[in-house]
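Engineer: Sharing a structure below in C-alpha cells format, with a few things to ask.
The values are calculated or read from the model by the stated rules, or taken from the named source; none is laboratory data. Everything quoted here is computed from the prediction, not taken from an experiment. Reconstructed Cβ throughout: ideal geometry from the backbone, glycine too, with neighbour counts over all protein chains shown. These area figures cover heavy atoms from the full protein model, side chains too; ligands, DNA and RNA do not enter into them. Shrake-Rupley method; radii C 1.70, N 1.55, O 1.52, S 1.80 Å.
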Amino acid sequence: MRNFQIGDKVSVLDEAIDGVVVGVKNNEITIETSDKFMMTYFVNELIKINNTSDLNNFNKTDALDKIKNDILPKKKQNMPVFKSDKIEKGVPEFDLHIEKLTKNFRGMNNFDILNLQTETAKRHIEFALRNRIPKIVFIHGVGEGILKAELDFMLNRYEMISFQDANYQKYGLGATEVYFKQNVKK
C-alpha cells in the first residue's frame, strides 16, 4: 500500500488530473485538483509526483526561475495590489481525447477507448450535479462523430441537463456545452 500524506502532489493514473492530497481515510485519498475540485480516489489510482527521484517531472525552466528569484535582489513594486472578493473562474473543460485520459492506450481497442471516454464524461457529469456546477464543456473532437453521438445519447437520459454545441470560435465543431438546471433550495 502506498503511503500518501496531506500535501503530497499526486497524479491520477489513466486520467489527465493532477492535484494535492487534502485527506487520507483508509485506502481512499481526497485530492484538490488544480481547478479547485475535490475528488476522491483509491490509493491504487494515484501516484506521487513530488519525488525528487522522478526526473520525468523535472522542469528546468521552473528550476532556473527559482534560482533567479533567490539570487537576484527583489525590486520594489510601486503598483498597488487589488484583491477581489469574487474569484472569477472559467467554465470547467474536460478533454475526452484518449491521449488526454491515459498515457498507455496502445493496447486498447475502439470499444475500450469509447468506454473509458464515456465513463470519464459520466463521472464529470455526476460530480457537477453533486457540486451544483452550472456549466461544463466536453471537448470530444470532430472525428467520425461516434463519441459525440454517445455523449448526446448519455446526456439525453438526464432530465436536469440541457446541452448544445460549444462556442464555434473557441472550440470549432469538436465540443459540447452542458448546462445543469439548478433547483433552488428553500
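Engineer: Leaving ligands, DNA and RNA out of it, report the carbon-plus-sulfur percent of the accessible area of segment 125-186 at a 1.4 Å probe.
Structural biologist: Details: 2110 of 4090 Å².
Of all accessible area on segment 125-186, carbon and sulfur atoms account for 52 percent.
Engineer: Run the dipole for segment 82-179 about the Cα centre, Lys and Arg Cβ at +1, Asp and Glu Cβ at -1, nothing else charged, and hand back the magnitude in debye, nearest 20.
Structural biologist: Details: 14 positive and 14 negative charges, 84 e Å.
Rounded to the nearest 20 debye, it is 400 debye.
Engineer: Going down the list Lys122/Lys181; Lys9/Lys103; Lys25/Lys181; Lys100/Lys122, which pairs span over 22 Å between their C-alpha atoms?
Structural biologist: Working: Lys122/Lys181 17 Å; Lys9/Lys103 18 Å; Lys25/Lys181 33 Å; Lys100/Lys122 16 Å.
Long pairs (Cα-Cα over 22 Å): Lys25/Lys181.
Engineer: In terms of the ratio Rg/(2.2 N^0.38 Å) built on C-alpha atoms, what value belongs to segment 136-184?
Structural biologist: On the way: Rg = 11.3 Å, N = 49, 2.2 N^0.38 = 9.7 Å.
Segment 136-184 yields a ratio of 1.17.
Engineer: Counting only heavy atoms of the protein chains, get the accessible area per residue of segment 102-143 (1.4 Å probe) and round it to a whole Å² value.
Structural biologist: Working: 2500 Å² over 42 residues.
Using a 1.4 Å probe on heavy atoms only, each residue of segment 102-143 averages 60 Å².
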